[in-house]
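So the structure is just underneath, and the comments pick up after that.
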Amino acid sequence: MGGGDVKLIAASSLLFSPSQQLWYIFHIAIAGGVLAAVYLAFRGRLRVPSSRRFGRAVRVECWRIRRGAPLPYAIGIASGFVWTIGRNL
């Protein structure tokens, strides 16, 4: 995890009570694990689509998955945040 990911967790955890923060960290771990499993599952099987709609973003993620580059964990953090907010409503 990079410095930006740690800052994102720290800033977003201020919105939860101490008892909710345990659930928040749990949800981040589950979402990050699912994201990592998806990246590992598609590492050797992914082709670069010729999508004009998403264009560069899709090509960059395909490159990242094929090369085994670092996982963009902010996606897991954001998913855990939304999951925790949804659980508390």
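Rule-based calculations on the coordinates, nothing more; no lab input. These figures come from a predicted structure and were not determined experimentally. No Cβ is skipped: glycine too gets one built from the backbone with ideal geometry, and neighbour counts run over all protein chains shown.
Please identify, among Ala29, Ala57, Ala37, the residue showing maximal mean-square fluctuation in a Gaussian network model of the chain using a 10 angstrom Cα cutoff.
Largest GNM mean-square fluctuation: Ala57.
Span-like helices, the chain: DSSP H, alpha-carbon axial extent 30 Å or more, mean Kyte-Doolittle 1.0 or greater, which ones?
Sorted by number, the helices that extend far enough and score high enough are 18-42.
What is the ratio of the Cα radius of gyration of the chain to 2.2 N^0.38 Å, where N is its residue count, to two decimals?
Cα Rg divided by the expected 2.2 N^0.38 Å: 1.26.
With point charges of +1 on the Cβ of Lys and Arg and -1 on the Cβ of Asp and Glu, referenced to the Cα centre of the chain, which listed residue (Val82, Gly32, Pro72) lies farthest in the positive direction of the dipole?
Pro72
Which order do the peptides 73-79, 12-18 come out in when sorted by mean C-beta neighbours inside 10 angstrom, highest first?
Highest to lowest by the protection proxy: 73-79, 12-18.
To the nearest 500 deg cm²/dmol, what mean residue ellipticity at 222 nm is calculated for the chain from DSSP H runs of n ≥ 4 alone, each contributing -39,500 (n - 2.57), summed and divided by the residues?
My calculation for the chain gives -23500 deg cm²/dmol from helical runs alone.
Taking R0 as 22 Å, what FRET efficiency do you get between Arg43 and Ile85 from their Cβ-Cβ distance, rounded to the nearest 0.05?
0.10
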